[in-house]
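J.: This is the structure I want to talk about, given as structure tokens.
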Amino acid sequence: MPITPFHFGPGALLHAMAPRHVSFIGFCAANCVMDLEPLYLIFTGQFPLHRFMHTLTGASCAWLAVVAGFVLIKRCDRWLRLPDFFQWKALTPTSVAIGAAAGAYSHLLLDGIMHGDMFPFAPVSAENPLLHAVPLDVLHLACAAAGLLGLGLVALRRRSARSGDGSR
């Protein structure tokens, strides 16, 4: 299923560990951009589902699209005065770039482990050395655990900030 929340777990943990350096919005956006292709293919009944966007080149394009989109939206905000949902206006292009890169390449890794129709190194190689490197239940559990740990760290950081000890 495209745009699965399991992909967001590692991003939540990365963001929780380095909130000023890793944008969770960038992470999630890159994952969603990558899954637009299989989503379209599902709706149009075309197979295989994992094609260009699920290669190193495609993941790099998704990463660049997210960063370019962020920079463009940031510039347009001067005139449009867009709402500041999730405090996106405080993000820097660097934190979005790091988050988007982590999102795109972790997506490639996670999907490479679980999808047999994926060839992450195409067109150089028609092999998928990642396939079944980890059992699916372990993969899903690890992604969920990363997400829960990330949420827990964010909650602790916010609680500490509210209590006035100044740690973030």
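The values are calculated or read from the model by the stated rules, or taken from the named source; none is laboratory data. These figures come from a predicted structure and were not determined experimentally. Backbone-built Cβ (ideal geometry, glycine too); neighbour counts: all protein chains shown. Keep in mind that these areas ignore ligands, DNA and RNA; they rest on the heavy atoms of the full protein, side chains included. Shrake-Rupley method; radii C 1.70, N 1.55, O 1.52, S 1.80 Å.
J.: When you go through A18, A59 one by one, which is the residue that is open to solvent by less than 20 Å² (accessible area, probe 1.4 Å) and of a type in the set (G, A, S)? Even if it seems obvious, please write down each step before you answer.
T.: Details: A18 fails: open to solvent by less than 20 Å² (accessible area, probe 1.4 Å).
Checking each option against the conditions leaves just A59.
J.: Considering A68, A90, A146, which residue is exposed (fewer than 15 other Cβ atoms within 10 Å of the Cβ) and either closer than 16 Å to P19 by Cβ or aromatic (F, W, Y) (or both)? If you could, list the steps in order and put the result at the bottom.
T.: Working: A68 fails: either closer than 16 Å to P19 by Cβ or aromatic (F, W, Y) (or both); A146 fails: exposed (fewer than 15 other Cβ atoms within 10 Å of the Cβ).
Answer to the check: A90.
J.: When both residues are 6+ apart or on different chains and their Cβ atoms are under 7 Å apart, which pairs have a first residue that lies in the range 100-126 and is in contact (Cβ under 8 Å) with a residue 40 or more places away in the chain and within 28 Å of G69 (Cα to Cα), and a second that is among the charged types (D, E, K, R) and buried (at least 22 other Cβ atoms within 10 Å of the Cβ)?
T.: So the pair list comes out as M118/D111.
This table checks each residue for (1) in a helix (DSSP H, G or I); (2) closer than 18 Å to G9 by Cβ; (3) in contact (Cβ under 8 Å) with a residue 40 or more places away in the chain.
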{"residue": "G45", "(1), (2), (3)": "no, no, no"}
{"residue": "P48", "(1), (2), (3)": "no, no, yes"}
{"residue": "R78", "(1), (2), (3)": "yes, no, no"}
{"residue": "S95", "(1), (2), (3)": "yes, no, yes"}
{"residue": "C143", "(1), (2), (3)": "yes, yes, yes"}
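J.: Within the range 112-141, how many residues are part of a helix (DSSP H, G or I) and open to solvent by less than 40 Å² (accessible area, probe 1.4 Å)? So that I can check it myself, show each step before the final result.
T.: Our first condition is that a residue be part of a helix (DSSP H, G or I); within the range 112-141, this holds for 112-114, 136-141.
Adding the requirement that they be open to solvent by less than 40 Å² (accessible area, probe 1.4 Å) leaves 112-113, 139.
Residues in the range 112-141 being part of a helix (DSSP H, G or I) and open to solvent by less than 40 Å² (accessible area, probe 1.4 Å): 3 in total.
J.: Regarding S23, is this residue hydroxyl-bearing (S, T, Y), in contact (Cβ under 8 Å) with a residue 40 or more places away in the chain, surrounded by 14 or more Cβ atoms within 10 Å (Cβ to Cβ) and touching a helix residue (DSSP H, G or I) at 6+ places or on another chain (Cβ under 6 Å)? Break it down stepwise before answering.
T.: Details: hydroxyl-bearing (S, T, Y): yes; in contact (Cβ under 8 Å) with a residue 40 or more places away in the chain: yes; surrounded by 14 or more Cβ atoms within 10 Å (Cβ to Cβ): yes; touching a helix residue (DSSP H, G or I) at 6+ places or on another chain (Cβ under 6 Å): yes.
When the stated conditions are applied, S23 passes them.
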